[in-house]
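The values are calculated or read from the model by the stated rules, or taken from the named source; none is laboratory data. Because the structure is predicted, anything quoted here is derived from the model rather than measured. Every residue, glycine as well, gets a Cβ built from its backbone with ideal geometry; the counts of neighbours run over all protein chains shown. Surface areas here come from the heavy atoms of the whole protein model, side chains and all, with no ligands, DNA or RNA. Shrake-Rupley method; radii C 1.70, N 1.55, O 1.52, S 1.80 Å.
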Amino acid sequence: MSSATVAAAVLPNRRLAGTSPRSRAWGRFKRHRLAMFGSGVILVLVFAVIFGPMILPFDPLHIDLRHRFAPPPGNGHLFGTDQLGRDLLVRLLMAGRISLTIGFMAMVVSTLIGTSVGVTAGYYGGLVGTVLMRIVDAVLCFPSVFLLLALAAFIKPSILTITLIIAATGWMEVARVVQAQIKALRHRDFILAAEMLGASGRYVMTRELLPNAAGPIIVAATLTVARAILAEAYVSFLGYGIQAPTASWGNMLNNAQQYLNSAPWLAIFPGLMITLAVTSFNFIGDGLRDALDARMDLT
Amino acid sequence: MSIMALTPPPIPRDGPLLRVDRLRQWFSSGGFMSPRLTVRAVEDVTFEIGRGEILGLVGESGSGKSTLGRAVLRVTDLTDGRVVFDGQDVSTLSKRQLRPLRARMQMIFQDPFASLNPRMTVGQIVGAPLRIQNPGISRSEVEARVGDALRTVGLADSHAERYPHEFSGGQRQRIGIARAFVLAPDFLVADEPVSALDVSIQAQVVNLLMEIKRKLDLTILFISHDLAVVGHVCDRVAVMYLGRIVEIADTRTLFRNPRHPYTEALFSAVPVADPSRRRQRILLKGDLPSPLAPPSGCAFRTRCRYAIPACAEAVPPLAHIGGGHQKACIRDDLALQPAC
Amino acid sequence: MGAPEIATAVLDVRNLSVAFATHTGPVAAVHDVSFTVAPGETLALVGESGSGKSVTSLAVMRLTPPAPRTRLDGQALFRSRDGTVRDLLAVPERAMRALRGNEIAMIFQEPMTSLNPVQRVGDQIAEAVMTHRPVGRREALDRAEHLLARVGISDARRRLAAFPHHLSGGMRQRVMIAMALACDPALLIADEPTTALDVTVQAQILELLQDLQRETGMAIVFITHNLGVVAEIADRVMVMYAGRIVEQGEVGPVMRAPLMPYTQGLLRAVPTLTVSDGFVPLTSIPGTVPSPTALPPGCAFEPRCPYALPGLCDATTPPLDDAFDGQQVRCLRWDAVAALEARP
């Protein structure tokens, strides 16, 4: 006898009156400590990159050759300065703007693409579904770093193009998750009931199916932000991404390579920022996965 | 709407509401890489349902009764045969052409948990038929009619704000019934509407269904494996076995004078809530044969205690034996036990 | 129910209560349930969903979630084959594991979830034998074949190699029964074993269980919501409502002349296999089963009861009264109700 059977037989119906699926999910999310920690970190990070550069008395592009390589915390430069004497903290925050923006935008674009492909493939199934999902498989087979670099080598790098390139290599995971969820829901009675009313395919997909796939989509989207931040760091680190003097966490790392022995903080701080942002988003994703677990609502 | 305008239904108001003619519903699986398997879920089924009539459809799981219910509603594309609804042949209509007819034919599902979208409020669920069928409908009208529908099924207006998970099985089934009736349809397929419910709730839901039936003068195809409920609710009963109707008659005739050995066995297997009436049952041997490889001739012969060699030769036709009673059995010499 | 009864009973449950810990505090699923089952006897536990009938059986098997999440009170005295009497609620988990599937067996509604989908049924049955008996694999497989044949599976030798998904629902339930019988249990707990099956297959399984009981003398606790099945198979019946026993006794008197208004309502709500002229509304019990978190004060059935007396039934929780012939009923007004029922 499986433990699920026991639990189903034993546990009294947990019927929380007067609650929407959303508020119950929030209740579960709040109990997930790491996810709450991650959310806090991201919140602080977002505030810092927006308001930090306004408050700090340094210009990220201001070169001050007298104070090159000031180790932290030195001379009012909390995180030290780089090889051109620029304040590292302000540069980190400005780079954070770029990296987070690219992360969020790439997430939005790849979630839109992935969701559309996934819903269409899951709903229609058959030939349409098979062809779409084989395309997804084909793109997935291609090592995304090479795809990323190949595309970046041909296209003039800017925030927009980098975003699109990252989105182009990151939508497949969402598509697979959504397709699996839609396919599982496709033949449930409530979908049949809607079709029995003469509902169009578009109605069934957007009104009936999509809200039930919202959980997995949100989870996948959160993890996509983490992936996109990492991808941006890759590309910029290898010199194909955001170009100097504009800072991104990736190109700051790239820049720090030469001074790894003499000024290790130049590498440590951007690395920490990337790690912090990526793990935080991953924690949030984990928390959301538990909180939005469709099984908790469908039964 | 334009389709309706092009082909106005020839309204023979006295004819049956639903006519099903030599209906076949096959399902294929495999094909490209694996061997193609064909399940003949419904095979050569012919029957009619008169206006305002309740036809019961009974049989074991795997008999094809649910598939038949869905086929007559054109949820699926028919393999062969015709379904004529109110004089109009709907067998080959496309999804779009069927849409206006959907307002007149509805369905109630067995599982009150799977048939309601967990992400929608009760008001959205019951209002969906109105919105889908009349895209221009006003919000206040939807609310008013949803409220009416909820009160009719014994719920309150205020329940419209809630989500399905806040309701018990019986209440959810009422919500499903409200959704089916909000458009005031003519024809309803009720697929095991009470079998997932507790006994004390079953009776409530059956009574509710019958009350609404009377109010709307509904025609119902009542699919159930519970012969006792069928006996109480239905005017006529069709018995299915492995995709075919093996006997059909008005309820009294079928219960008092069954003529197919399978009908007899079904009745005999029903446990009776009276310990003094423990009977010698007619135990059927084994299970339903696989629909992938049905036995030759009469499909029931492998479990039939009256089978003779001739039963294996040909599929017995569903033959009239008088008074609207039809049976598909070559043996006319049997004295079968009645249900009551 | 004193000490002498355990001399004959296989299972003697005394004052069993089960409560689950939830976010909002403990929820009592079963209150003060006592019953006995004798060898060769079938006791039916009847009730609707949420009545506590399944929880009662799971508590006896100690299959409820472990201690902090579940609180078990009372005793469940079980007499082993060797005559020793043990309290199932108090024995260590290791001893309980040795009993489960050995002297006490259990079958469930959906055999597919209880069978391992990737293991051949022969191996699964042999496993059940080898867990509790010092036999080799060869011998265990022979025993498995014998058991399969005994539960009416034809061509048992070949079926040993089948996987669960090769079998129909009825066949799978037979395999489950074969596994349950592997070690000659003294007690079989059957939780809705025929609910998922067709009537024709249900009839086969009921007949099989009765045959096996006649042969082995095992006691059966049969949990069901189907009163027809109760009438077919049970010697005694125990009706549960909202976690309490509300009526129990011999199956004949309880089903012919029930004393508790709930049992009466339940029996009337079951449609009989008859035809009527036109539709006669079925007798239903109004309202719904109360949630275990919000039981009404007094008698839990009072809000739905046609005989409820305001000021009495909604104020006092009725005790389980001895009526006649060992029939017990939990109703403050059962003699008045009986008098009213006797009138045409």
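Points to keep in mind about this one:
- Looking only at the stretch B:14-38, and only at residues there that are surrounded by fewer than 18 Cβ atoms within 10 Å (Cβ to Cβ) and of a type in the set (A, V, I, L, M), the one that is modelled with the lowest pLDDT: B:Met33
- Where helices (runs of 4 or more DSSP H) fall entirely within the stretch B:173-262, those with at least 1 residues that are under 24 Å from C:Arg268 (Cα atoms) and away from every other protein chain (no Cβ under 11 Å) are at B:199-216.
- Applying the condition of being of a type in the set (A, V, I, L, M) and outside any loop (DSSP other than H, G, I, E, B) to the stretch B:263-294 and asking which residue is nearest to the other protein chains (Cβ to nearest Cβ) yields B:Ala269.
- Residue within the stretch C:184-203 that is assigned to a helix (DSSP H, G or I), over 28 Å from B:Glu192 (Cβ atoms) and among the aliphatic types (A, V, I, L, M) present: no
- Residue match in the stretch C:269-284 (condition: open to solvent by less than 60 Å² (accessible area, probe 1.4 Å), farther than 23 Å from C:His31 by Cα, in contact with a Ser or Thr (Cβ under 9 Å, 6 or more places away or on another chain) and in contact (Cβ under 8 Å) with a residue 12 or more places away in the chain): yes
- C:Ala162 passes every criterion in (1) surrounded by fewer than 22 Cβ atoms within 10 Å (Cβ to Cβ); (2) touching a residue at least 24 places away in the same chain (Cβ under 8 Å); (3) assigned to a helix (DSSP H, G or I) apart from (3).
- Given (1) surrounded by 21 or more Cβ atoms within 10 Å (Cβ to Cβ); (2) more than 9 Å from chain B (Cβ to nearest Cβ), number of the condition C:Ile233 does not satisfy: (2)
- The set of residues in the stretch B:92-120 being in a loop (DSSP other than H, G, I, E, B), more than 8 Å from chain A (Cβ to nearest Cβ) and surrounded by fewer than 19 Cβ atoms within 10 Å (Cβ to Cβ) consists of B:Thr92, B:Leu93, B:Ser94, B:Arg104.
- Note on the stretch B:295-328: among residues that are touching a strand residue (DSSP E or B) at 6+ places or on another chain (Cβ under 7 Å) and crowded, with 18+ Cβ neighbours inside 10 Å, the one that is farthest from the other protein chains (Cβ to nearest Cβ) is B:Leu318.
- The stretch C:294-314 - residue that is surrounded by fewer than 19 Cβ atoms within 10 Å (Cβ to Cβ) and in contact with a Pro (Cβ under 7 Å, 6 or more places away or on another chain) and, of those, nearest to C:Arg268 (Cα to Cα): C:Pro306
- Which numbered condition A:Ile55 fails, given (1) surrounded by fewer than 20 Cβ atoms within 10 Å (Cβ to Cβ); (2) among the β-branched types (Val, Ile, Thr); (3) closer than 30 Å to A:Val139 by Cβ: (3)
- Verdict on C:Leu212 being within 14 Å of chain B (Cβ to nearest Cβ) and surrounded by fewer than 21 Cβ atoms within 10 Å (Cβ to Cβ): no
- Residues that are touching a Cys at 6+ places or on another chain (Cβ under 6 Å), within 30 Å of B:Asn117 (Cα to Cα) and modelled with pLDDT of 85 or more number at least 1 in none of the helices (runs of 4 or more DSSP H) confined to the stretch A:219-299.
- Condition met for B:Ala238 (in contact with a helix residue (DSSP H, G or I) (Cβ under 9 Å, 6 or more places away or on another chain), at pLDDT 95 or above and small (Gly, Ala, Ser)): yes
- Hits in the stretch C:96-111 - residues which are open to solvent by less than 30 Å² (accessible area, probe 1.4 Å) and free of Cβ contacts under 8 Å to residues at least 24 places away in the same chain: C:Leu99
Listed here are the residues, each with its yes/no results for (1) small (Gly, Ala, Ser); (2) at negative phi; (3) under 15 Å from the mean Cα position of the chain (by Cα).
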{"position": "C:Ala19", "(1), (2), (3)": "yes, yes, no"}
{"position": "C:Thr24", "(1), (2), (3)": "no, yes, no"}
{"position": "C:Lys53", "(1), (2), (3)": "no, yes, yes"}
{"position": "C:Met61", "(1), (2), (3)": "no, yes, yes"}
{"position": "C:Pro65", "(1), (2), (3)": "no, yes, no"}
{"position": "C:Phe78", "(1), (2), (3)": "no, yes, no"}
{"position": "C:Arg81", "(1), (2), (3)": "no, yes, no"}
{"position": "C:Ala98", "(1), (2), (3)": "yes, yes, no"}
{"position": "C:Ile104", "(1), (2), (3)": "no, yes, yes"}
